[in-house]
Amino acid sequence: MEIKVHEITAKSLLRKMKRIDSWFLAAYGMNIYRGCEHNCLYCDGRAEKYQVEGEFGLEVSVKVNAIEILERELDPRRKRTPFRKGYICIGGGVGDSYQPIEKKYKLTRQVLELLCEKDFPVHILTKSHLVLRDIDLLKKINDKKRAIVSFSLSSARDDIGKHFEPMASSPSQRLGAAKQLKKAGIAVGVFLLPVIPFITDTREIITDTLEKVQNANVDFILFGGMTLEEGRQKDFFYSTLGKLFPGLIPAYKNIYRNDHWGSQWGNATGEYYSTIQQTFNEAIRPYRLPQRIPPDFYVDLLDENDKVAVMLEHIDYFLKSQGKTSPYGYAAYSISQLKQPLANMKSTLCSLKGVGKVTERIILEILNTGKSSFLEKLFASGQGPHGMDSGVPIRLSGPTEAFFK
Ligand code: SF4
């Protein structure tokens with residue numbers, strides 16, 4: 001299908017995060033393109049709040065002055081405060097930086113050249129194997145600072161991807177690219193996000209995905225469910241799902257209810273998210289796949305307060321995903337709001353909101369040694385020996401199976 005291209009001049013490119021986010025470890029993000037040819041059916045870039053103009057999937061705005069703006073934004077003489085330490089995250093959001101139009105404009109490549117020259121670490125999130133074109137630059141960035149390339153997948157099934165991510169590289173191509181990047185010495189992650197309700201969230205399909213992800217030798221995998229915001233995103237998804245699987249609409253309406261507290265963010269019910277998290281937890285047990293970005297990828301890159309906050313958030317994730325309660329997310333938030341270094345507060349840590357005696361011990365260990373033995377234990381728990389037989393037969397079945405065959 002013909003894509004309508006709009007060349008635009010943007011006023012800014014880098015978006016400073018309010019705090020280092022513990023999923024991507026990003027201090028800054030950027031969208032070089034607005035709109036995305038990949039046209040994933042579930043893309044939340046369609047949601048009105050992102051204000052992407054035109055018909056999503058069929059129109060793309062290209063920030064043709066991106067390099068000029070970035071040069072200005074990276075100039076330390078123009079900044080009143082120093083750059084925040086952390087990764088610069090390229091892609092995701094409202095447009096994949098390696099969507100087909102990048103072959104013509106090469107803006108992502110030029111952005112990488114500039115970030116390499118200025119010594120910034122980079123985290124790329126994409127659904128395209130076009131990222132392999134820039135492997136030379138990624139190696140250079142990795143040698144100077146660090147580069148991570150993450151691929152997002154809703155499953156490893158090409159037949160499902162063809163319908164739900166019609167113009168993206170197939171899941172096999174993405175995992176093939178992941179293998180090549182790993183061979184080149186670049187860290188690689190998978191965002192199994194979003195799993196599609198009643199289609200890719202089954203134990204069988206998640207297990208199949210994990211098997212293939214492990215074979216690609218990736219460094220970590222993050223898991224998450226789908227959101228469906230009222231308006232453009234939900235209307236588009238339902239109208240397409242109605243053509244593919246009309247029988248699934250009532251089940252969707254049941255989990256994406258308007259009466260739910262989170263419906264304003266497009267969340268499904270808490271029960272649905274707990275169920276798929278449990279399915280994922282059980283399926284991943286036999287695999288050696290870290291479920292958060294491991295500390296080795298950030299301990300030397302982040303400021304101390306941010307490092308502590310990220311580690312506490314990761315502890316919080318592991319405990320909550322096991323159905324336990326945790327005060328660590330709240331403590332992480334308090335620390336992320338601090339204006340002074342934690343190192344100056346070693347004797348008064350318990351005065352911080354959410355920090356009790358146990359949390360204080362964890363923080364002191366991180367400040368004194370750069371690591372948390374509790375977090376290491378949580379990373380290790382639930383991961384079997386590499387290559388161990390899960391005992392779970394890979395059987396692809398389910399109500400939608402016949403459709404994809
Ligand atoms: S690749 Fe990402 S940004 Fe592009 S349509 Fe798919 S989900 Fe949206």
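What to note about this one:
- In the range 284-362, the trypsin sites (Lys or Arg not before Pro) that fall in loop regions by DSSP, at most 15 other Cβ within 10 Å: Arg288, Lys324, Lys339, Lys346, Lys353
- Label point distance in nm, Asp296-Glu282, each placed 7 Å from Cα along Cα→Cβ: 3.2
- Take the range 117-241 with all the other protein chains still there, run a 1.4 Å probe, and you get 32 Å² of accessible area per residue.
- Cα centroid of the range 20-40 to Cα centroid of the range 165-204, whole Å: 16
- Shown are Arg146, Arg80, whose ranking by accessible area with a 1.4 Å probe and every protein chain present, most to least, is Arg80, Arg146.
- Per-residue Karplus couplings for the range 229-243, computed as 6.51 cos²θ - 1.76 cosθ + 1.60 with θ equal to phi - 60°, are listed in order as 7, 4, x, 3, 5, 5, 4, 5, 5, 5, 5, 7, 4, x, 7 Hz, Gly and Pro entered as x.
- Per-selection Rg to Rh, the range 252-375 - Cα, Kirkwood hydrodynamic radius: 1.04
- Burial order of peptide ranges 159-168, 136-145 (average beta-carbon count within 10 Å, highest first): 159-168, 136-145
- The chain - percent of accessible surface contributed by carbon and sulfur, probe 1.4 Å: 52
- Of the two radii for the range 79-191, the radius of gyration is 0.99 times the Kirkwood radius, both from the alpha carbons; that is the Rg over Rh value.
- Counting only DSSP beta bridges with both residues in the chain, the antiparallel share comes to about 10 percent.
- Surface accessible to a 1.4 Å probe, Phe223 within the full protein complex, Å²: 10
- Around the amide H of Val190, modelled in the peptide plane, lie the amide H atoms of Phe151, Phe220, Ile221, Leu222, all under 5 Å away and 5 or more residues distant in sequence or on another chain.
- Less than 5 angstrom separates the built amide H of Ile3 from none of the residues sequence-distant by 5 or more or on a different chain.
- Taking Leu14, Leu210 and ordering them by how much accessible surface each has at a 1.4 Å probe, largest first, produces Leu14, Leu210.
- Met17 long-range amide H proximity, modeled H, under 5 Å: Tyr28, Gly29
- Neighbourhood net charge (13 Å Cβ-Cβ; Lys/Arg +1, Asp/Glu -1) for Phe236: -2
- Kirkwood Rh, angstrom, the chain [1 / mean 1/r, Cα pairs]: 22.2
- Local net charge near Asn281, Cβ-Cβ under 14 Å (Lys/Arg +1, Asp/Glu -1): +3
- Cysteines in the chain lacking a second Cys C-beta under 4.7 Å: Cys36, Cys89, Cys116, Cys350
- Residue by residue, the range 314-331 carries 3J(HN,Hα) couplings of 5, 4, 4, 4, 4, 5, 5, 5, 8, x, 8, 8, 8, x, 6, x, 5, 4 Hz when phi is fed to the Karplus relation 6.51 cos²θ - 1.76 cosθ + 1.60 (θ = phi - 60°); x denotes Gly or Pro.
- The range 60-99: C-alpha gyration tensor shape, a/c 1.5 cut-off, then a/b vs b/c: oblate
- Backbone geometry of the range 85-101 corresponds, through the Karplus equation with coefficients 6.51, -1.76 and 1.60 at θ = phi - 60°, to 3J(HN,Hα) couplings of 6, x, 6, 9, 9, 10, x, x, x, 10, x, 6, 6, 10, 5, x, 5 Hz, x marking Gly and Pro.
- Here, the range 211-290 is characterised by an Rg to Rh ratio of 1.06, where Rg is the alpha-carbon radius of gyration and Rh the Kirkwood radius.
- Count Lys and Arg as plus one, Asp and Glu as minus one, and take only other residues whose Cβ is under 14 Å from that of Gly86; the net charge is then +2.
- In the context of the full set of protein chains, the range 246-323 has a per residue accessible area of 44 Å² (1.4 Å probe).
The values are calculated or read from the model by the stated rules, or taken from the named source; none is laboratory data. What you are looking at is a predicted structure, and each value in this text was computed from that prediction instead of being measured. FYI the Cβ positions are ideal-geometry reconstructions off the backbone, even for glycines, and counts take in every protein chain you see. These accessible areas exclude ligands, DNA and RNA; they are computed on the full protein's heavy atoms, side chains included. Shrake-Rupley method; radii C 1.70, N 1.55, O 1.52, S 1.80 Å.
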